[in-house]
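Structure, as structure tokens:
The values are calculated or read from the model by the stated rules, or taken from the named source; none is laboratory data. Source: prediction; values computed, not measured. Here Cβ is always computed from backbone atoms with ideal geometry, including for glycine, and neighbour counts include all displayed protein chains.
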Amino acid sequence: MIGDAFVFDGVAHPFNFTPKNAYGSAGEMFNQHLYAFHNVLTPENEPKQSAEEFLKEWTPDDIRQMVYENSDTDMLVAMPLPLTDMFRDGLSPWETCADLASRDPDRTVFWGSVNPLEGRRALELMERQVGEFGAKAFKFYNVRYDYGSPFPWRMDDPKIAFPIFEKAQELGINLIGVHKGVPLGPQPVEATQTWDMDGAAAAFPDINFVIFHVGLPFIDETCWQLIRFPNLYASLAATVNFVVRAPRLFAEILGKLLFWCGEDKIVYGSEAPIWQPQWALQAFKDFSIPQDLCDGYGYPQLTDVAKRKILGENLLRLHGMDVEDSKSRLGRPQSH
Amino acid sequence: MAIRPAETPEWAIRALSEVFDPCCREKGISVVDMGLLRSVVLDDRHARVELLLTSGWCPFAARVLTDVEEAVRAHPGVDSCEVEIVWDEAWSTDRLTESARRKLRFLPDPAVAGDRNAYLAAHTPGGQP
């Protein structure tokens, strides 16, 4: 807990950045983008890693240390990347994520991930990830990189996406995340925009969809989507890390989300190991929207109630978990 | 009110109206409509283009520069072209044309919107948020 807020981190990836894992320059470019995010957004007074230190194979133990030992996080989502056409193991292999979750079965939740363009193979892998490894949700990436010649797919595609959502429901899953905004590597940017969420949300009203990275830079589009569909949510993963280096930018993003979408629709994620979670957690806990922005633009203030919801309570509810029960069982006193 | 590029000949505006930032290609909003163009100056068949970026860390900036250069060099009066990103002026939504503003569906500042639910009822199909 940080203060009285239960912290449920919605995303950590045990990356495998070793050079031999990447298929050619497209994979190396992807890795370099992630290192640039670490380098640009880590505050000056926090330890920064060199490229050589950062671009390694991150183990489940590394992630546990960052998230549970070095931060006030109470629960975590272990999240794979299914980029098997750009990295030999997908970059954040689902098997490693399942292993990470198995180390703390009460605290760490495994989300599955597949590439829907693989058709029946993807459906079978979903069955395995849920049936054998206890996946509680799925995360998708709207592109097949195809060894550096990428082509995208859409969340509202009845032939590609809908069978995947139907399979998820058949397996008892009603929570699906999707990477939006923040194009990585040679990804066509069009597919990172959020327009396709309308069709997905309307066709599957019983699935809750989380738009990761609040779709940055397409924040207005994301707000419009969340406004109109009760089953759409926005994750601050990678966005919360602007809080120290660009606090007014962060305040504008958060102010828009709070006013238009409301504090019940926003969830937190650390993106460890790209950043150490604790500095952003503490800065978010201490954050308030500058008063001139509230006065001038009409943004609501970020209240303690909103912080508690964003840092953990909303994600607990999305996982069907009772907030008070989870806090009493798993909440750890703040120690950092 | 959109801010139009200064010192820019009409032929250049026409040519660059066919050039798109990858983020806006799908919606058909050109670099001119986005307000990225600050100026095009032609001197002895050498064109110098000044562009603003919406975000300093746009990973697609290099592609936009190349597309702009090619579009300007294709004009019969131009032998060479240099494209420069300028940093002494910040891009803002004031630079958008009206058509771009409509296509992007920007939300107003909450203070302008007033009552959230009333605004949404008036601006969403069927009056529903």
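Taking (1) within 11 Å of chain B (Cβ to nearest Cβ); (2) assigned to a strand (DSSP E or B) in turn, A:TRP195 satisfies each apart from (2).
Yes/no per residue for (1) at pLDDT 95 or above; (2) under 22 Å from A:ILE274 (Cα atoms); (3) under 16 Å from the mean Cα position of the chain (by Cα):
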residue	(1), (2), (3)
A:THR84	no, yes, no
A:GLU95	yes, yes, no
A:ASP99	yes, yes, no
A:ARG128	yes, no, no
A:PHE140	yes, yes, yes
A:TYR145	no, yes, no
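Looking at segment A:15-22, is at least one residue of a type in the set (Ser, Thr, Tyr) and in a loop (DSSP other than H, G, I, E, B)? Looking through segment A:15-22, at least one residue is of a type in the set (Ser, Thr, Tyr) and in a loop (DSSP other than H, G, I, E, B).
When the residues of segment A:226-240 are narrowed to those that are in contact (Cβ under 8 Å) with a residue 60 or more places away in the chain and assigned to a loop (DSSP other than H, G, I, E, B), which ends up surrounded by the most Cβ atoms within 10 Å (Cβ to Cβ)?
First, the residues of segment A:226-240 that are in contact (Cβ under 8 Å) with a residue 60 or more places away in the chain: A:233, A:235-238.
Going one step further and asking which of them are assigned to a loop (DSSP other than H, G, I, E, B), we end up with A:236-238.
Details: A:LEU236: 28, A:ALA237: 26, A:ALA238: 24.
My answer is A:LEU236.
Here A:ILE176 meets each of (1) in contact (Cβ under 8 Å) with a residue 24 or more places away in the chain; (2) surrounded by fewer than 22 Cβ atoms within 10 Å (Cβ to Cβ); (3) outside any loop (DSSP other than H, G, I, E, B) with one exception, condition (2).
How about segment A:226-240: which of its residues are under 15 Å from the mean Cα position of the chain (by Cα) and within 13 Å of chain B (Cβ to nearest Cβ)? Once the filter is applied, which keeps residues that are under 15 Å from the mean Cα position of the chain (by Cα) and within 13 Å of chain B (Cβ to nearest Cβ), segment A:226-240 yields A:LEU232, A:ALA238. For segment A:110-119, the condition holds for no residue, the condition being that it is more than 20 Å from A:THR194 (Cβ to Cβ), in contact (Cβ under 8 Å) with a residue 12 or more places away in the chain, small (Gly, Ala, Ser) and not in a strand (DSSP E or B). The selection criterion, being surrounded by 19 or more Cβ atoms within 10 Å (Cβ to Cβ), modelled with pLDDT of 90 or more and among the hydrophobic types (A, V, I, L, M, F, W, C), holds for A:VAL114.
Looking at A:SER50, A:SER71, can you tell me which residue is small (Gly, Ala, Ser) and touching a residue at least 12 places away in the same chain (Cβ under 8 Å)?
Going through A:SER50, A:SER71 in turn, the sole match is A:SER71.
Picking from residues in segment A:291-319 that are touching a residue at least 12 places away in the same chain (Cβ under 8 Å), within 14 Å of chain B (Cβ to nearest Cβ) and out of contact with any Asp or Glu (no Cβ under 9 Å at 6 or more places or on another chain), the one that is surrounded by the fewest Cβ atoms within 10 Å (Cβ to Cβ) is A:GLN301.
Looking at segment A:209-225, can you tell me whether even one residue there is surrounded by fewer than 19 Cβ atoms within 10 Å (Cβ to Cβ), assigned to a helix (DSSP H, G or I) and more than 14 Å from every other protein chain (Cβ to nearest Cβ)? Looking through segment A:209-225, none of the residues is surrounded by fewer than 19 Cβ atoms within 10 Å (Cβ to Cβ), assigned to a helix (DSSP H, G or I) and more than 14 Å from every other protein chain (Cβ to nearest Cβ). Residue-level check: of (1) at pLDDT below 85; (2) of a type in the set (Asp, Glu); (3) in a helix (DSSP H, G or I), B:GLU70 misses just (1).
Among the residues of segment B:86-108, count how many are away from every other protein chain (no Cβ under 12 Å), outside any loop (DSSP other than H, G, I, E, B) and either within 13 Å of the chain's Cα centre (by Cα) or surrounded by 16 or more Cβ atoms within 10 Å (Cβ to Cβ) (or both). Summing the residues that are away from every other protein chain (no Cβ under 12 Å), outside any loop (DSSP other than H, G, I, E, B) and either within 13 Å of the chain's Cα centre (by Cα) or surrounded by 16 or more Cβ atoms within 10 Å (Cβ to Cβ) (or both) in segment B:86-108 gives 5.
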